[in-house]
1. Just checking: which of the strands (runs of 3 or more DSSP E) contained wholly in the stretch 1-65 hold 2 or more residues that are of a type in the set (A, V, I, L, M, F, W, C), within 22 Å of the chain's Cα centre (by Cα) and under 26 Å from GLU84 (Cβ atoms)?
2. Return a yes/no flag: does the stretch 94-117 have any residue that is within 30 Å of ILE9 (Cα to Cα) and either in a loop (DSSP other than H, G, I, E, B) or modelled with pLDDT of 85 or more (or both).
Amino acid sequence: MELKDVTLICKECGEPFAFTAKEQQFYVKQGFEHVPTRCINCRKQMREKRDKGREFFAVKCKITGKVGRLPIEPDDPNDVYSDEAFEPVFAEKGHLVDPLQEPDKTDLLPKTEPSVIEQPKEEQPAI
């Protein structure tokens, strides 16, 4: 299915904004089920308000060199990956799961032997 740019109206400021095909691809990849309801500026203001006074840690991608920030301090600051670098690295190691693929729920079940269910004993007639 080909995605096309769509114009939406921001519920905060009432201004029209573009929901681009690239953004739509990102939403699908992340598993988001709803379209954005706020424009980029209103989303940015909302994040700034939410994050005010919160500590962030500067990080640098081990492969691409991209700089970013995280709300938690990484255990090993030298082992941080950007979005672009993360997928190929973990696909190579065999740890990547396709986010669009339905997860295998059997992996969540306990790995124990099935228990034997005891049948109720028949009552013996009194003599």
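The values are calculated or read from the model by the stated rules, or taken from the named source; none is laboratory data. Everything numeric here is computed off the predicted structure, so don't read it as measured data. Cβ atoms come from the backbone with ideal geometry, glycine included; neighbour counts cover every protein chain shown.
1. 57-60
2. Let us first name the residues in the stretch 94-117 that are within 30 Å of ILE9 (Cα to Cα), namely 99-100.
Right, trim to either in a loop (DSSP other than H, G, I, E, B) or modelled with pLDDT of 85 or more (or both) and you get 99-100.
Yes, the stretch 94-117 has at least one match.
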